[in-house]
Amino acid sequence: MDVSSVSILTEWDIVAARQMGRSEAKAIGFGAVDQARITTAISELARNIYLYAEQGSVTIGRFEKEGKVGIRIVAEDYGPGISDVQLVLQDGYSSSYGLGAGLPGVKRLMDEFDIQTEVGEGTKITIVKWLS
């Protein structure tokens, strides 16, 4: 898998991650609607890193598995972790008084969603969108 990565330290890094994701999605062959879905998911994950962990990274790349081609995004931080994963995956939940689309929205936008987290250690979220 050929990957690109951006460190998330400022709000401008969120923009950089979005642009990198859109560019990679377009290069893989995703249409405009899926590019928007992918970009939105990246934005949410990068924003979470910025708001809750203060620093982390987003890695984006073409991904192939079992004859399918897609894009894989890994958002990783060494922040506080998530104490109740089931709660944050509920529709409408928001710890930042936002709209609550958050992680449930990311999960809906993508084809695969995996979260690994440990309180006090950090969080790693891997998402995949397959080219159809």
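The values are calculated or read from the model by the stated rules, or taken from the named source; none is laboratory data. Owing to the predicted nature of the structure, the values given are computational and were not obtained by experimental measurement. Please note: Cβ atoms are built from the backbone with ideal geometry, for glycine as well, and neighbour counts cover all protein chains shown. With ligands, DNA and RNA removed, areas are computed over all heavy atoms of the protein, side chains included. Shrake-Rupley method; radii C 1.70, N 1.55, O 1.52, S 1.80 Å.
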(request) Say whether the condition of being at pLDDT 95 or above and assigned to a helix (DSSP H, G or I) is met by at least one residue in the range 3-13. (result) yes
(request) Kindly list, by first and then second residue, each pair from a residue in the range 92-115 that is on the phi > 0 side of the Ramachandran plot to a residue that is at pLDDT 90 or above, limited to pairs with Cβ atoms under 7 Å and residues at least 6 apart or on different chains. (result) Gly102/Glu44
(request) Could you look through the range 51-77, keep only residues that are surrounded by fewer than 18 Cβ atoms within 10 Å (Cβ to Cβ) and among the basic types (Lys, Arg), and pick out the one that is nearest to Trp130 (Cα to Cα)? (result) Lys68
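Could you please let me know if Ile127 is within 13 Å of the chain's Cα centre (by Cα), over 15 Å from Val6 (Cα atoms) and surrounded by 14 or more Cβ atoms within 10 Å (Cβ to Cβ)? Break it down stepwise before answering.
Values: within 13 Å of the chain's Cα centre (by Cα): yes; over 15 Å from Val6 (Cα atoms): yes; surrounded by 14 or more Cβ atoms within 10 Å (Cβ to Cβ): yes.
Against the criterion (within 13 Å of the chain's Cα centre (by Cα), over 15 Å from Val6 (Cα atoms) and surrounded by 14 or more Cβ atoms within 10 Å (Cβ to Cβ)), Ile127 qualifies.
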(request) Select from the range 14-35 the residues that are open to solvent by less than 60 Å² (accessible area, probe 1.4 Å), without any contact (Cβ under 8 Å) to a residue 40 or more places away in the chain and assigned to a helix (DSSP H, G or I) and list them in ascending order. (result) Ile14, Val15, Ala16, Gln35
(request) Return the total of residues in the range 45-80 being farther than 15 Å from Thr126 by Cβ, part of a strand (DSSP E or B) and among the hydrophobic types (A, V, I, L, M, F, W, C). (result) 1
(request) Of the numbered conditions (1) open to solvent by less than 20 Å² (accessible area, probe 1.4 Å); (2) under 18 Å from Gln116 (Cβ atoms), Leu89 fails exactly one; give the number of that condition. (result) (1)
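Of the residues Ile42, Ile38, which is open to solvent by less than 50 Å² (accessible area, probe 1.4 Å), in contact (Cβ under 8 Å) with a residue 40 or more places away in the chain, touching a Gly at 6+ places or on another chain (Cβ under 6 Å) and within 22 Å of Val15 (Cβ to Cβ)?
On inspection, the qualifying residue turns out to be Ile38.
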